[in-house]
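Below you'll find the structure, written out as structure tokens, and then a few comments.
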């Protein structure tokens, strides 16, 4: 199960304070037929949007800077990840780019051997995809516990800045695979060789509660409970989860727990244990029939002799803790980004050095709880 409650204490002095914009990304209604070159037009604080949102055959390839993604089906989804190899999520959250399972989106493709097990759950209010991955093939540094990318961000510009998500799988779409609806509320935790991605249907009244952005320190376990396993590739129907933080006490009261600020120290306990929402009609597939188009996509520095993603396995399944809680930057406050490659590289190396020093001195303290 992709669980791992990843809890970290990180000094806030490493995060630059940004002002909240007057036109946050979550409020921007962007029809699929009217996507601009860059949805974010701001230049202050974290700098301009690193990539672009109009993505087509001219932008497709492993150097693409497309920042538009999709959450459609088990064989058709995207993940945001760093544009350069061996990078911590916290250092690249503002400039992450789209990696997809299908060509034709104008993005990078997810390299062969990345996906080890994937579960898609279609609920009335959202599409949720969770899985086990080799994160190094998505340019994420080995051992990085990752963090949260979402349509909110510390300044309202999103992480990545200007990141757009669309889906043709919402029930409100009526099964029309040719029509894409924007998901203005989405959240992606990625790191510790796992991920969970939830895109909420904006036409539903509880979209905000189901894709809340204020629980970045408690990972997939609480934000997207699931039963994804290594070696298993399946699609399920499911109920909507209970919104994050909402739980029933022993005496029957419905209560809401709010994540405390980092200034109060590490989170050592949460007053409830989350459980995945009920699922049904699960259908399993061989990975080769899902992701055969990725067979020739090689990760930077990887051998070209690997088998297909997941090796087509549907045999013995294993679970793994993970799903990007918060480690280097608490999944919310990353380094200032620019469009200059040299400056971005300097940020990567500087933040990595800071993390190592912090860990050695006891400033960085993380704990993993099993669900």
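The numbers here are math on the coordinates, done by the rules we state, and not lab data. Just so we're clear, the structure is a prediction, and the values are computed from it rather than from any experiment. Cβ atoms come from the backbone with ideal geometry, glycine included; neighbour counts cover every protein chain shown.
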Residues 87, 248, 268 in order from fewest to most other beta-carbon atoms within 10 Å are 268, 248, 87
If I model a spin label at residue 176 and residue 23 as a point 7 Å from the Cα along the Cα→Cβ vector, what separation in nanometres do I get? 2.7 nm
Modelling each spin label as a point 7 Å along the Cα-to-Cβ direction, I'd like the residue 249/residue 295 distance in nm, to one decimal. 5.9 nm
Along each principal axis, Cα extent of the stretch 45-124, largest first, Å: 37, 30, 29
Chain lengthening between residue 86 and residue 275 when straightened (0.36 nm per residue, less Cα-Cα): 64.7 nm
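Could you calculate the FRET efficiency of residue 37 with residue 142 from 1/(1 + (r/R0)^6), where r is the beta carbon distance between them and R0 is 35 Å, rounded to 0.05?
Details: r = 34 Å, r/R0 = 0.98.
According to the calculation, E is roughly 0.50.
For residue 284 and residue 30 in the same chain, what is the full-extension length gain: residue separation times 0.36 nm, less their Cα-Cα distance, in nm?
88.0 nm
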Extension gain (nm, one decimal) between residue 44 and residue 56, 0.36 nm per residue minus Cα-Cα: 1.5 nm
Take residue 206, project a point 7 Å from its Cα along the Cβ direction, then tell me which residues of the stretch 126-159 have their backbone nitrogen under 16 Å from it. 126-128
